[in-house]
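Notes to accompany the following structure.
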Amino acid sequence: MKLPKGFGGQGFTGMLQKAQAAMARAQTLNEELAMERVMIDRGPVKMVFDGLGELHGLKIDPAVVDPEDVEALEDLILSAVRSGFQEAVARREEKMKEIMPDMPDLGL
């Protein structure tokens, strides 16, 4: 395995310090993400997620509640849930890249 540039010698100390700082920052990341809100609007279906992907709110316009077409409402809800989770995952990945921009990809 090829070591990252600057890994040996003096670079190791700097890399270790960066890793320690990243670990400290990562510990608070979940708390921050839990406080964020992701709003998903699928027309008559609106949802609120936190930055971890947990659903916190759901509003459905009564006009789309049709007992003869439950599948359309289910599709709207499913689409909104997927979008909320995907947005939360994207935010988390973005923040992780900010925390550890120089960390080598270990293929894990």
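Read-outs: derived from the displayed coordinates by stated rules, not from any lab. Treat the numbers as computed from the prediction; the structure is a model and nothing was measured. Positions of Cβ are generated from backbone atoms using ideal geometry, with glycine treated the same way; all protein chains shown enter the neighbour counts.
Laid out as a table, the results:
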item: Leading residue by the ranking (surrounded by the most Cβ atoms within 10 Å (Cβ to Cβ)) among those in the stretch 39-59 that are in contact (Cβ under 8 Å) with a residue 40 or more places away in the chain and within 21 Å of V70 (Cβ to Cβ); result: I40
item: Residue match in the stretch 25-38 (condition: without any contact (Cβ under 8 Å) to a residue 24 or more places away in the chain, among the hydrophobic types (A, V, I, L, M, F, W, C), in contact with a strand residue (DSSP E or B) (Cβ under 8 Å, 6 or more places away or on another chain) and loosely packed, with under 14 Cβ neighbours inside 10 Å); result: yes
item: Complete set of residues in the stretch 26-46 that are closer than 17 Å to Q86 by Cα and assigned to a loop (DSSP other than H, G, I, E, B); result: E36
